[in-house]
């Protein structure tokens, strides 16, 4: 009798083990099959987070430091009022870059983990089920490295008027960590750091040299001749 009960117990344990193994196997297969879609969804969500962080960081840095056009760009004129040069304050630009990079990192790191809620119907990649069903919550972590650069842009703003904009070019390399895996991608955006209307006669073409340490070559060329 005891031997029979023991045999039934062993059989029951084996059946439960097989059932649990089968369920785990099905779960793993499901995870593997939906992982590409989840990461695609995560990239889209992460891109929005990064772009919002970059835009917010620009506003914060400009507001906190009260940055104006004349702080980073100085226009020179001769006695007749003709523009003879535009000097970019390299030191202020570099400080701006550093502050902006730190601010983007601070905003992104403000959350240890971000929630990603995906309707279960969307996981199957079927157009008829996308967006339907209860949402499954995933957790994702983001790390980023921002690469910043500045450029000048000139546009005609009427007779003897030129709009000068100093544009921030922001390239962010992003890494996503979720579901035990990582993926990387890049996000690029631009923002206006400062702008002003330059009034007065300007030459057809104009070259401005900004000297960098250990570099005697022209760093920036501003050409008014292209303005229509």
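Since every read-out is calculated from the coordinates, none of them should be taken as a lab result. Predicted, not measured: the structure shown is a model, and the values here were computed from it. Because the Cβ atoms are built from the backbone with ideal geometry, glycine has one as well, and the counts that use them run over all protein chains shown.
Within 10 Å of each residue's Cβ, count the other Cβ atoms and sort 95, 100, 12 from fewest upward.
Ordered by Cβ neighbours within 10 Å, fewest first: 12, 95, 100.
Label region 75-165 by shape, choosing from rounded, prolate and oblate, from the square roots a ≥ b ≥ c of the eigenvalues of the Cα gyration tensor; if a/c is under 1.5 it is rounded, and otherwise prolate applies when a/b is larger than b/c, oblate when it is not.
It comes out oblate by the Cα gyration axes.
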